[in-house]
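Report on the following structure.
Bear in mind these aren't lab numbers, they're just calculated from the coordinates by the rules spelled out. Bear in mind that the values here come from a model prediction, so they are computed numbers and not experimental data. Methodologically, a virtual Cβ is constructed for each residue, glycine included, from the backbone with ideal geometry; neighbour enumeration extends over all protein chains shown.
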C-alpha cells in the first residue's frame with residue numbers, strides 16, 4: 001500500500017484556485033502592460049492634439065489685437081492752411097501731433113521727454129496719416145478728432161511681452177529711451193490694445209509692414225475657389241457616381257474608371273499642382289494666380305473623395321425603392337433621378353462639404369499655380385473678376401506669411417490658421433448636423 | 001465679359017426652345033398629354049439639350065484651338081531677323097502676347113482708343129508710354145516689329161472671338177430648330193433625352209481617366225524635354241543636387257539621390273512615430289475600449305486627420321523645431337550640439353508622424369475588425385488572455401493588411417509637401433544625422449517651379465522629372481498596398 005500512500009501525498013503544497021501562480025501573475029502583468037501601451041498610445045495622440053491646439057491659440061491670438069496710439073487731436077483751419085503752405089508738409093503735421101501728445105501727457109500728469117524721431121520709431125510717420133485724413137475730410141477741421149495710429153511691430157511685441165527691457169537690444173528701429181516713452185504712454189492710457197479688424201477684413205501688406213497685413217482678400221479668393229469647386233465637383237461627382245453605381249455594365253471600361261478613381265485618390269496633391277501648371281496655365285493659357293485655375297485644380301483633386309462618398313450613399317438606398325419605382329412604370333433614369341437621388345442627397349451633401357473642407361485647406365497645388373508669390377493687395381472688382389483676377393487663398397496666404405523673413409509675420413500666419421480652422425470647423429459641423437438630421441437608417 | 005454673355009445667350013435660346021418644344025408637342029396631340037409618347041417636359045428637354053450641348057462643345061473646342069492657331073500663324077509670319085535678335089522664339093511670342101494684352105487693357109481703361117490701338121499709325125514710343133500709363137506689364141521699350149506683330153495678334157484674337165460668338169449662336173439656333181422640328185406626339189422624346197443624359201453621365205465618369213491622362217502627359221512630355229537638356233544618367237545616379245541660380249543651366253548638378261534619401265529618411269522617422277502609436281491606438285480602441293471611450297477618442301483622433309497640412313507645417317517650423325533645438329541644440333537641455341537649426345529631418349518627421357497617426361489607426365482598425373470573431377473565440381476558449389490573443393492570433397492574421405496600411409501611410413509620407421517645405425529645410429545632402437536639415441522631392445518641386453527661372457531651363461524642367469519619380473513611386477506603393485489589402489480581405493470573406 002505504500003504505492004497508494006505515495007500517490008495520495010502530493011509532492012507540491014496544496015494550492016487553492018484563488019491563489020495565483022507565478023506564471024498566471026506574469027501573464028496578467030503582461031496583459032496589464034499591453035493595455036497600458038494602448039492607453040499610452042491614445043494619450044500620446046491626444047497630447048499631440050492638445051499641444052497643437054494650444055500652440056495655435058496661444059500664438060495666433062496676438063494677430064487679432066493691435067497696439068495703437070489713441071490721441072485726441074484738434075486741428076484748426078489756420079493750422080491746416082499753414083501746414084499746407086510749408087515745404088515739408090507732413091513734418092508740420094507731425095509737429096502738431098507732438099504738441100497734442102505733450103498736452104495729453106501733462107493732462108495725465110506724466111512728464112517724459114520725447115522728440116519727433118522717437119515718435120517716428122514708435123508709430124511710424126504720423127504726419128502723413130494725419131494729413132491724408134484732413135485732406136479727405138476737411139469738414140473735420142476745428143473739431144476734436146481721435147486718431148488711432150498703429151504702433152510699430154516692435155512696440156507691439158514689447159507691449160505683448162514678447163521681450164522685456166532685459167532682453168531688449170537697442171537698434172535704430174527702437175531705442176531704450178523709447179521704451180520709457182512707451183511705458184509712459186501706457187500708464188497715461190495713450191497706448192492700448194484694440195481688436196484688429198483690419199486683420200479680418202484687410203488685404204495683405206508688403207513685406208515691410210506686418211502690422212497692416214490682413215487675411216480678408218485671401219478669404220475672398222478662397223471663397224471664389226470654393227464656388228468653382230462646388231459648382232464643378234458636385235454635378236460631375238454625382239453624375240459619375242450615378243453612372244458607376246446604377247448604370248455601368250461590368251466591362252473593361254468601367255474597371256478602368258474604377259482603377260483610375262482609386263488611384264487618383266492617392267496621388268500626392270503636389271502632382272495635381274503640376275497638372276494645373278502644365279495643362280491650365282502652360283497649355284490653355286489661363287491666367288496665373290487666378291481663383292478659377294485654383295478651383296479647377298482642386299476640383300480634380302476632390303472629385304475622387306466626392307465620388308467615393310456619393311457612391312456609398314447611393315449604395316445605402318435599398319433596392320426596394322428602385323424596384324417599386326420601376327414597378328409602377330418609371331424608366332430606370334426616372335427611378336434614379338426621382339427616387340434614389342433625393343433619398344441619397346443628405347449623404348451626398350455631407351460628403352461634398354467634407355470634400356470642400358479638404359480642398360479649402362489644401363496648399364501644395366496652389367503653390368505651383370502662382371498663388372504664393374502674389375501679394376493680394378486688394379479685393380477683386382466685381383463678381384466675374386473675382387474668378388480671373390490674381391488673388392491669394394487662405395492657406396497660400398498663411399504660407400506666404402510663414403515664408404517671410406520678418407518674424408512678426410508668424411503671428412499673422414498663426415492668426416490666419418485660426419480663421420482657416422474656424423471655417424473648416426463650421427463646414428464640418430454643418431456636415432455633422434446634416435447627417436444627424438436627414439440621414440435615414442433603412 | 002463677352003464669354004459669359006455668350007453662354008447666357010445660349011441658355012436663353014435653350015430656355016425659349018424648352019417652352020416652344022413642350023408647347024409644340026402638346027399642340028400636335030391636341031393639348032391632351034395622354035396622346036403624347038413621353039411626358040411633355042421631355043419634349044422641352046429634347047430641344048434644350050440639342051441647343052446647349054453642340055453649342056457649348058463647339059465653344060470649348062474653339063477656346064482651346066483658337067490660341068494655338070493664332071500663335072502658330074503669328075509666329076510663322078514673324079520676320080526671321082526678329083527671331084534671331086531675340087534669344088528664342090518662345091520668349092518673343094510671349095512678349096508679343098503680353099503687348100497685345102497690354103493694348104487691350106489700355107483700350108478698356110480708355111487710355112488708348114480702339115482705332116488707334118489697331119491702326120498702323122501707332123508708333124512704338126507712344127505705345128510704350130501709354131501701356132505703362134494703363135498699368136500693363138511691359139518690361140522694356142517695345143520695338144516697331146513687335147508692336148505690329150502684337151497688333152496682328154490682337155486683331156486675329158478679337159476677330160476670332162467675334163466669329164466664334166456668331167458661329168456658336170448659329171449652332172445653338174440650328175440645334176433648337178432641329179429639336180423643335182422633332183417635337184411631335186409620336187416622337188420618343190424620353191428615350192432620346194435619357195440616352196443623352198446617359199452619355200453625359202459616362203462623360204462625367206470619364207473625367208477620372210482624363211485627369212490621369214492629363215497628369216501622365218504633363219509629366220511625360222516635360223520630363224522628356226528635361227532629359228533632352230540634361231543627361232538622364234546624371235539625374236538618376238547623381239550624388240549632388242546643386243542647381244545654378246542664374247537659370248542658364250550648364251553648371252547645374254541635378255542628381256535625384258540626395259532628394260530621395262531625404263524623402264526616405266523623413267518618411268522613416270514619420271513611420272517610426274506613427275506606426276506604433278497608431279497601431280496600439282487601433283488595437284486599444286477596437287479590442288479594449290468600451291463604447292464610451294471609443295465615442296470620445298475616435299472623433300478626437302480624426303480631428304488630427306482633418307487638420308490641413310499647412311497647419312502642421314507651421315507647427316513644425318515654429319513650435320517643434322525650436323523645441324528640438326532647445327533639447328538637442330547648442331546649449332540645450334542635454335548639453336549636446338547635434339542640431340543646428342529648427343529645420344531638420346527630425347522636425348519634419350515627427351510632425352508628419354503626428355499627421356499619420358489617425359491614418360494608420362483608422363486603416364488598422366478596419367483591418368482588425370475584419371478578423372473573424374470565431375478566431376478570437378477559439379483563442380479565448382483555449383485560455384489565452386486578451387493580449388495573448390491579440391499578439392498571437394489577431395496580429396498574425398491581420399499582418400498583410402497592416403503591412404498594406406503601413407505602405408499606404410508611407411506613400412502619404414513620401415507625397416507630403418507642406419510639412420517638409422516648412423520644416424525640413426532646403427539643403428540637399430546625403431547624411432545620416434537626423435538632426436540636420438535635408439530636403440525632399442516634393443520640397444524641391446515647389447522651389448524649382450516657384451522661382452524666377454525660365455520654364456524652358458533644365459532647372460525648372462527638373463521639377464517635372466521629380467514629379468514623375470514621385471508619381472511612379474507613390475502609385476507603385478499604392479497599387480502594391482491595395483493589392484495586399486484586397487488579397488487579405490478575400491481570405492476572410
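Some notes on this structure:
- Per residue of A:406-415, other chain Cβ atoms within 10 Å of the residue Cβ number 2 on average.
- For the stretch A:103-247, fraction of C-alpha pairs farther apart than 18 Å, in %: 71 percent
- Footprinting exposure proxy for A:338, B:234 (fewest neighbouring C-beta atoms within 10 Å first): A:338, B:234
- Temperature 20 °C, viscosity 1.002 mPa s: under these conditions the Stokes-Einstein estimate for the stretch A:164-305, based on its Kirkwood radius over C-alpha pairs, is 107 µm² per second.
- Highest to lowest packing among B:313-324, A:227-238, A:313-324, scored as the average C-beta count within 10 Å: B:313-324, A:227-238, A:313-324
- Once the mean of 1/r is taken over each pair of separate Cα atoms and inverted, the protein assembly as shown shows a Kirkwood hydrodynamic radius of 32.8 Å.
- Order by protection proxy (mean Cβ within 10 Å, highest first), peptides B:441-447, A:263-269, A:279-285: B:441-447, A:263-269, A:279-285
- Cβ neighbours within 10 Å from other chains - mean over B:275-286: 5
- Across peptide B:186-199, the mean count of Cβ atoms from other chains lying within 10 Å of each residue's own Cβ comes to 2.
- Between the stretch B:1-76 and the stretch A:96-132, the Cα center-to-center distance that results, in Å: 68 Å
- Against the rule of thumb 2.2 N^0.38 Å, how large the Cα Rg of the stretch A:216-438 comes out: 1.15
- Per residue, the convex hull spanned by the alpha carbons of the stretch B:255-387 comes to 168 Å³.
- Springs join every pair of Cα atoms under 10 Å in this Gaussian network model of chain A, and among A:71, A:57, A:384 the largest mean-square fluctuation is at A:384.
- Building the convex hull from the alpha-carbon atoms of chain A and averaging its projection over directions returns 43.4 nm².
- Exposure proxy for B:23, A:441, A:154, A:33: other Cβ atoms within 10 Å of each Cβ, ordered fewest to most, give A:441, A:33, B:23, A:154.
- Ordering A:105-114, A:41-50 by mean Cβ neighbour count within 10 Å, with the highest value first, yields A:41-50, A:105-114.
- Kirkwood Rh and Cα Rg combined as Rg/Rh, chain B: 1.10
- Kirkwood hydrodynamic radius over Cα pairs of the stretch A:309-430, then Stokes diffusion coefficient at 4 °C and 1.567 mPa s, in µm²/s: 73 µm²/s
- Between the stretch A:304-347 and the stretch A:398-420, the alpha-carbon center distance in angstrom: 45 Å
- For the stretch A:365-442, the Kirkwood radius over C-alpha pairs fed into Stokes-Einstein at 25 °C and 0.890 mPa s yields D = 164 µm² per second.
- Going by neighbour counts of Cβ atoms within 10 Å, the residues A:442, A:197, B:45 line up, fewest first, as A:442, A:197, B:45.
- Most mobile listed residue (A:311, A:377, A:131) in chain A, GNM with C-alpha springs under 10 Å: A:131
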